[in-house]
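Asks: Please see the structure below; I have some questions.
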Amino acid sequence: MSKAFGLLGHKIGYSKSKVLHELIANVFDLDITYDLFDVETKDIENYLNDVRHGKLSGLNVTKPYKEFVISFLDELSNSAKQIGAVNTIYLKNNKLIGDNTDYDGFIKLIEKNQIDVVNKKVVILGTGGAAKAVYEVLKKYTKNIFYVSRKKTDECTITYSDLNTINYDVIIQATPVGTYPNIEDSMLSKEYVSGKVVIDLVYNPKVTKIMSMAKEAYNGIDMLIYQAISSQEHWHGTTFYLSPENYEKIKEKLV
């Protein structure tokens, strides 16, 4: 019997999640459907109840609801607790569980591309759910991590004007800025990016404006693919091995 899944968010017409999960299903011979649920805040609980009552077998969550959904859930995984954001929801022992597979996806992105972040000074543009997942991963590699935001809220956050005062090595772009169709937009100008390593979590377009100005740059496609596989593993209660050949097939069809 086919299992139904989907992505919960708002203004997500650009998302490649439906195509991605259908490609994953084809590789692992999964009988599923996957849809984009572009919804208002008032409708969120209805979709979560659909998971609770078996109409849906699981959900992914994206902007702007990764933190909002937490109050409706029964339990959080350790990673979701640490991050304070959820991107994967499933039912286990009649409890609605929130997890965060962005954490898994970002680790894979670093490992697959052999990006050196050990003891590097890293700035993260943005303070949303994805940024928080990145921060939790980076804590394993370095103590020199700063969120960059319009307002300074704590000792871990600097403002954009503060970038002039620190010598950073790596920029993580964790906002939607630069996503198709606004491909000429960038959070930073060239003077802040030139000579730096940039990891942009945006995956559409393949090369964003901020990436084009960097010494070395990576987009978010690897993170996207591996967080999706991790979600499917939670939903199906198993582990999937993605061969290099099948990974390249999925990536080629996405980009």
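Every number in this text was worked out from the coordinates using simple rules, so none of it is lab data. Because the structure is predicted, anything quoted here is derived from the model rather than measured. All Cβ positions, glycine included, derive from the backbone under ideal geometry; neighbour counts span all protein chains shown.
Asks: For the chain, what proportion of DSSP beta bridges, expressed in % and rounded to the nearest 5, is antiparallel?
Replies: Bridges in the chain that DSSP calls antiparallel: roughly 20 percent.
Asks: If you average the alpha carbon positions of segment 82-135 and of segment 1-20, how far apart do those two centres end up, in angstrom?
Replies: Taking the Cα centre of segment 1-20 as reference, the centre of segment 82-135 is 19 Å away.
Asks: Calculate the radius of gyration of the Cα atoms of segment 104-219 to one decimal place, then report Dmax, the largest Cα-Cα distance, as a whole number, both in Å.
Replies: Gyration radius and largest Cα-Cα distance of segment 104-219: 12.9, 35 Å.
Asks: Do any trypsin sites (Lys or Arg not before Pro) in segment 123-202 lie in a DSSP loop with no more than 12 other beta carbon atoms within 10 Å, and if so, which?
Replies: Those that pass, being in a loop and sparsely packed, are 139, 140, 143, 150, 151.
Asks: Obtain the nm distance between the two label points defined at residue 251 and residue 155 by a simple spin-label model: each point lies 7 Å from its Cα along the Cα-to-C-beta direction.
Replies: 4.0 nm
Asks: Further question on the same structure: Hey, which of these cross-link pairs are over 29 Å Cα-Cα: 92/253; 55/209; 120/151; 18/209?
Replies: Details: 92/253 33 Å; 55/209 41 Å; 120/151 24 Å; 18/209 25 Å.
The pairs that break the limit, which is 29 Å between Cα atoms, are 92/253; 55/209.
Asks: Quickly work out the residue 238-to-residue 182 label distance, labels modelled 7 Å from Cα along the C-beta direction, and quote it in nm with one decimal.
Replies: According to this spin-label approximation, the distance is 4.1 nm.
Asks: Are there any trypsin sites (Lys or Arg not before Pro) in segment 1-42 that are in a DSSP loop and have at most 13 other Cβ atoms within 10 Å? List them by number.
Replies: Values: sites: 3, 11, 16, 18, 42; in loops: 11, 16.
Listed in order of number, the matching sites are 11.
Asks: Right, next: When a/c is below 1.5 the answer is rounded, else prolate if a/b is larger than b/c, else oblate, so apply that to segment 14-111 with a ≥ b ≥ c taken from the square roots of the Cα gyration tensor eigenvalues.
Replies: Values: a/c = 1.42, a/b = 1.11, b/c = 1.28.
Since a/c stays below 1.5, the shape of segment 14-111 is classed as rounded.
Asks: While we're here: Can you give me the relative contact order of segment 43-169 as a percent, contacts being Cα pairs under 8 Å and 6 or more apart?
Replies: Value for segment 43-169: 18 percent.
Asks: Residue 128: net charge of surrounding residues, Cβ under 12 Å, Lys/Arg +1, Asp/Glu -1, itself excluded? Each step should come with its number before you reach the end.
Replies: On the way: positive: 63, 66, 132; negative: 67, 102.
So the environment of residue 128 carries a net charge of +1.
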